[in-house]
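Engineer: Below are the structure tokens for one structure; questions will follow.
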Amino acid sequence: MRAQFLDAPASARQGGRPFVVLRPPRRSGGPTVLVAPPFAEEMNKSRRMIAEVGRRLEGSGVGMLLVDLFGTGDSEGEFAQADWQRWRADLAAAVQWSTAEGAPIRGMLAIRLGCILGSEALAGIGQGVRRTVLWQPVTSGRRFLEQFLRLRVAASMMGGDSKETVAALRARLKSGELLEVAGYEISGALADQLDAAELQRFLGAHLGAVHWMEAVRSADAELPAPSVKAIEAARAAGIETTSHAIAGEPFWSATEIVCLDAMVARTADVLAGIDG
């Protein structure tokens with residue numbers, strides 16, 4: 001594996017280098033999978049599953065590129081300074097670097113909010129891939145932000161402090177205040193950008209064949225309505241989209257680290273097929 005800092009993107013308003021880990025493909029010029037990470041603590045919950053996919057792909061000769069976005073993981077910068085455009089630029093810079101290193105990006109594994117970010121980043125640089133796997137995709141950034149802010153509302157109720165509301169927290173963000181939610185400081189600028197993020201706008205041919213994977217309560221459970229609607233819209237637009245409902249716990253939010261072996265195995269099988 002190769003692990004190193006990249007130069008900060010030329011378009012970055014904030015300095016600070018993103019950190020990348022590359023599991024190179026078996027041969028120079030061989031296919032590599034970009035990982036578009038989830039938001040905040042969800043990445044820490046997902047790392048084990050991502051690593052398991054990487055190990056399986058390694059056995060198939062397929063590489064994997066993992067990016068710690070500005071202000072997250074081992075990258076430089078503070079989360080409070082991060083914004084959507086910077087994160088998009090970090091992914092674009094990593095894709096270009098990987099290609100120059102003999103590991104061209106031919107597939108993507110995107111998790112939660114990273115499904116929007118990764119799809120938008122690839123569209124922005126005109127980078128097409130052969131296959132994309134989406135884990136538990138967030139379809140609406142606005143809805144995701146409200147759920148994230150509810151973590152702070154719930155904490156205030158448990159702590160017996162003055163009761164907060166999502167509307168009041170949104171007003172404070174609009175006024176320019178930084179808010180700490182579950183240990184992460186979020187700015188009003190990032191909140192506005194999340195409000196504007198919509199997956200459906202970036203589901204396109206540049207993603208290749210899309211595999212939509214979600215953890216559900218039982219093997220016979222159906223995907224949630226917003227997911228079904230997004231999948232139907234993608235198919236109507238001519239995008240090859242396969243849905244996978246996999247029984248298991250919500251790995252991105254479980255108290256303990258959870259690894260859904262069935263999702264890992266299916267993902268590795270799908271992405272191994274980009275080498276051909």
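Engineer: Failed condition for GLY71, given (1) crowded, with 17+ Cβ neighbours inside 10 Å; (2) part of a loop (DSSP other than H, G, I, E, B); (3) at negative phi, with all others met?
Structural biologist: For GLY71, the exception is condition (3).
Engineer: A follow-up question, please. Would you be able to say whether some residue in the range 40-62 is in a strand (DSSP E or B), assigned by TED's automatic domain parsing to the domain that holds VAL258 and in contact (Cβ under 8 Å) with a residue 24 or more places away in the chain?
Structural biologist: No, the range 40-62 contains no residue that is in a strand (DSSP E or B), assigned by TED's automatic domain parsing to the domain that holds VAL258 and in contact (Cβ under 8 Å) with a residue 24 or more places away in the chain.
Engineer: Within the range 228-260, how many residues turn out to be in a loop (DSSP other than H, G, I, E, B) and either over 24 Å from ARG106 (Cβ atoms) or touching a Phe, Trp or Tyr at 6+ places or on another chain (Cβ under 7 Å) (or both)?
Structural biologist: Qualifying residue count for the region: 13.
Engineer: I'm checking my understanding of the structure. Among residues of the range 230-260 that are free of Cβ contacts under 8 Å to residues at least 24 places away in the same chain and farther than 16 Å from SER46 by Cβ, which one is surrounded by the fewest Cβ atoms within 10 Å (Cβ to Cβ)? Quick ask: steps written out before the conclusion?
Structural biologist: Restricting attention to the range 230-260, the residues satisfying the condition of being free of Cβ contacts under 8 Å to residues at least 24 places away in the same chain are 231-232, 235-236, 255-256.
Among the residues that remain, those that are also farther than 16 Å from SER46 by Cβ are: 231-232, 235-236.
Numbers: ILE231: 21, GLU232: 12, ARG235: 15, ALA236: 9.
Here the answer is ALA236.
Engineer: Could you tell me whether MET263 is in a strand (DSSP E or B), of a type outside the set (Phe, Trp, Tyr) and touching a residue at least 40 places away in the same chain (Cβ under 8 Å)?
Structural biologist: Numbers: in a strand (DSSP E or B): no; of a type outside the set (Phe, Trp, Tyr): yes; touching a residue at least 40 places away in the same chain (Cβ under 8 Å): yes.
The answer is no for MET263.
Engineer: Return yes when MET43 is among the hydrophobic types (A, V, I, L, M, F, W, C), surrounded by fewer than 24 Cβ atoms within 10 Å (Cβ to Cβ) and either at pLDDT below 95 or under 19 Å from the mean Cα position of the chain (by Cα) (or both) and no when it is not.
Structural biologist: yes
Engineer: Every residue in the range 1-19 that is touching a Lys or Arg at 6+ places or on another chain (Cβ under 8 Å) and surrounded by 18 or more Cβ atoms within 10 Å (Cβ to Cβ), please.
Structural biologist: ALA8, PRO9, ALA12 - these are the residues of the range 1-19 that are touching a Lys or Arg at 6+ places or on another chain (Cβ under 8 Å) and surrounded by 18 or more Cβ atoms within 10 Å (Cβ to Cβ).
Engineer: I'm told GLN85 meets every condition in (1) closer than 16 Å to GLY16 by Cβ; (2) of a type outside the set (Val, Ile, Thr); (3) without any contact (Cβ under 8 Å) to a residue 40 or more places away in the chain except one. Can you identify the failing condition by its number?
Structural biologist: (3)
Engineer: Go through (1) in contact with a Gly (Cβ under 7 Å, 6 or more places away or on another chain); (2) in the same structural domain as GLN147 (by TED's automatic domain parsing) for HIS206 and report which single condition fails.
Structural biologist: (2)
Engineer: Out of curiosity, is LEU34 in a strand (DSSP E or B), surrounded by fewer than 23 Cβ atoms within 10 Å (Cβ to Cβ), touching a Gly at 6+ places or on another chain (Cβ under 8 Å) and not polar (S, T, N, Q)?
Structural biologist: On the way: in a strand (DSSP E or B): yes; surrounded by fewer than 23 Cβ atoms within 10 Å (Cβ to Cβ): no; touching a Gly at 6+ places or on another chain (Cβ under 8 Å): yes; not polar (S, T, N, Q): yes.
In short, no.
Engineer: Suppose the filter is assigned by TED's automatic domain parsing to the domain that holds ASP90, of a type in the set (S, T, N, Q) and not in a strand (DSSP E or B); does SER119 pass it?
Structural biologist: yes
Engineer: With respect to GLY102, is the statement that it is out of contact with any strand residue (DSSP E or B) (no Cβ under 7 Å at 6 or more places or on another chain) and part of a loop (DSSP other than H, G, I, E, B) true?
Structural biologist: So GLY102 fits the description; yes.
The values are calculated or read from the model by the stated rules, or taken from the named source; none is laboratory data. Quick caveat: nothing in here was measured; it's all calculated off a predicted structure. Please note: Cβ atoms are built from the backbone with ideal geometry, for glycine as well, and neighbour counts cover all protein chains shown.
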